[in-house]
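The values are calculated or read from the model by the stated rules, or taken from the named source; none is laboratory data. Here the structure is a predicted model, which is why all the values come from computation and not from measurement. No Cβ is skipped: glycine too gets one built from the backbone with ideal geometry, and neighbour counts run over all protein chains shown.
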Amino acid sequence: MDKSAKQGNIIIVSAPSGAGKTSICSQIIKSDKNTLYCISYTTRSPRKGEKDGREYFFTDEIKFKKMIKNSEFAEWAKVHSNYYGTPKSFLDKTLKTGKNALLDIDVQGGVKIKKQYPQACMIFVMTPDLKTLEKRLTLRNKDSKETIKMRMDNAKKELAYLNKYDYLIINDDLENSVENVKTVIKSLYYKVRKDKKYF
Ligand code: 5GP
């Protein structure tokens, strides 16, 4: 048997809003059958085009808090005034089957997952600089000036977490960035696991 044989891993992808994280994650999921997207629970309302059980499991605050009480989340956080949580059962089930679980979560969540799953791989996605981020947020025409300012302030706070991450992907070209994330994921299969007996 190949001693470096494939094992599932947790891949955390975090980024300031507008850096292109969601596009990267959805391309990875489409092209890599061994990597499954971890669908979070959230108390925020679905946006246009979002479907329950696809982007998120949409729920209310009472149910969400019950899930916290029942320890159903591997981590949860309040992001932009809504609750978000990663279902523990999905993570554990995915890892057991030898697949990767891809988590599109914020920096607070990323740090909490890493504490519980030290083998988790943390990827931070960013635009080449803050100016480009602001330009992208403005060009996508989705947010008001105040919201863009809030997102930019948040981006600066999120960047303070960068040194807790393992990899930085500068997303100036989507295709390139997807390839770079795929390379990182591939390398994980060959990583020596401290919790595994090989020989
Ligand atoms: P959005 O509402 O725009 O989909 O997501 C807002 C932020 O919440 C994004 O940074 C996203 O990565 C983060 N997020 C989504 N799901 C989770 C989760 O389960 N846990 C945490 N901590 N953050 C999440």
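Observations
- Condition check for K30: away from the ligand (no atom under 12 Å from the Cβ), over 21 Å from N171 (Cβ atoms) and either assigned to a helix (DSSP H, G or I) or in contact with a Ser or Thr (Cβ under 9 Å, 6 or more places away or on another chain) (or both): no
- Figure legend. Inter-residue proximity from the range 56-67: first residues in contact (Cβ under 8 Å) with a residue 24 or more places away in the chain and at negative phi, second residues outside any helix (DSSP H, G or I) and away from the ligand (no atom under 11 Å from the Cβ), beta-carbon distance below 9 Å, spacing 6+ or different chains. Indicated pairs: M67/T59.
- Within the range 86-108, the set of residues being of a type in the set (A, V, I, L, M) and within 11 Å of the ligand (Cβ to nearest atom) comprises L91, L103, I105, V107.
- When every residue of the range 46-65 is checked against the conditions, none turns out to be hydrophobic (A, V, I, L, M, F, W, C) and part of a loop (DSSP other than H, G, I, E, B).
- Options S177, S144, S89: the member that is of a type in the set (G, A, S) and either in contact with a His (Cβ under 7 Å, 6 or more places away or on another chain) or modelled with pLDDT under 95 (or both): S144
- The single residue among V79, V107 that is touching a Ser or Thr at 6+ places or on another chain (Cβ under 8 Å), within 18 Å of C25 (Cβ to Cβ) and of a type in the set (A, V, I, L, M) turns out to be V107.
- The listed residues are K21, K30, K65, and the only one of them that is among the basic types (K, R), under 22 Å from K182 (Cβ atoms), modelled with pLDDT of 95 or more and surrounded by 12 or more Cβ atoms within 10 Å (Cβ to Cβ) turns out to be K21.
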